Amino acid sequence: MTSESPATPAIDQRQTFDDARMTFTLETRDLTIRFGGHVAVNRVSCTFRPGELTAIVGPNGAGKTTYFNLISGQLRPTEGSILLDGADITQLSAPLRTRAGLGRAFQLTNLFPNLSVEENVRLAVQSESGVHYDMLRPWMTRRDLIARADAILDKVALGSRRSVPATALSHGDQRKLEVALSMAGRPRLLLLDEPMAGLASGERDSMLGLLEQLDPAIAVLLIEHDMDVVFSLADRISVLVGGRIIASGTADEIRNHPAVRVAYLGEEDDERDAGG
């Protein structure tokens, strides 16, 4: 009498695929938006993983900020879907997406200018914590909120400026405060829209250092026109031209991609120049 070894359980390929997909912090599927006859974002399908910084680059008018606005909920797509940690958030409002783990720092700063740096971040921490106004317990007594706000300010090198009104900060420090406000929401996905815009050289170095020290568990999407910054900072680069992704890859892959060199980096096709 021979014994038979237990049968190996069959692998559910569909479940394996679904489990693999859950490693994506964000996924956009065929994301499209039309304004009349103009297609600003055209069937963009991308995935973004935890711990990766992905730069979205392209010429002016390529659809980069529109793509960000679709992800963050400022715009609703004509077609397609958006998944955050595997959950469909396409129909969620912008505030609900923030509560779900999406943070965004805009190209133009969105601060409370007359409040102190610390008060700006404390309000963001308070909102994320679900703590409402209580006339019997002034916010000054909420040491837990203040401590968390101060810890965030230290991470963005603004701890020494916590008592200064936001309006008195330099442009570079205001951009760092904007990142701090985004971080207060404990995001799993952070969208940064041109964080280097308008910064002086010293401020650019400071912002670059800040971006390099972001929480490695966060997926970061970055719009940036400075390609030196992009090539030095990004783990992956996606090139958007005319509302479509024409290439995605590492810095070296993008530098050497023929379509990117012609469409975005401004180089002519060698064969075309030679009459080929």
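Bear in mind that the values in this text are calculations on the coordinates, not laboratory data. Given the structure is predicted, the values throughout are model-derived calculations rather than measurements. Neighbour counts are summed over all protein chains in view; Cβ atoms, including those assigned to glycine, are modelled from backbone coordinates with ideal geometry.
Neighbour counts of other Cβ atoms within 10 Å put M196, M227 in the fewest-to-most order M227, M196.
Label zone of D144 (point 7 Å out along Cα→Cβ, amide N under 17 Å): in region 61-104 this covers no residue at all.
Electrostatic tally near R175: other residues with Cβ closer than 11 Å to its Cβ, Lys and Arg +1, Asp and Glu -1, net -3. Can you give the local net charge around V239? Use residues other than it whose beta-carbon is closer than 13 angstrom to its beta-carbon, Lys and Arg +1, Asp and Glu -1. My count for the surroundings of V239 gives +3.
Here region 25-271 is described by how far its Cα atoms reach on the three principal axes: 72, 41, 31 Å, from widest to narrowest. Counting charges near R161 (Lys, Arg +1; Asp, Glu -1) among other residues having Cβ under 15 Å from its Cβ returns a value of -2. On the beta carbon distance between S232 and L111, with R0 = 25 Å, the FRET formula returns roughly 0.35.
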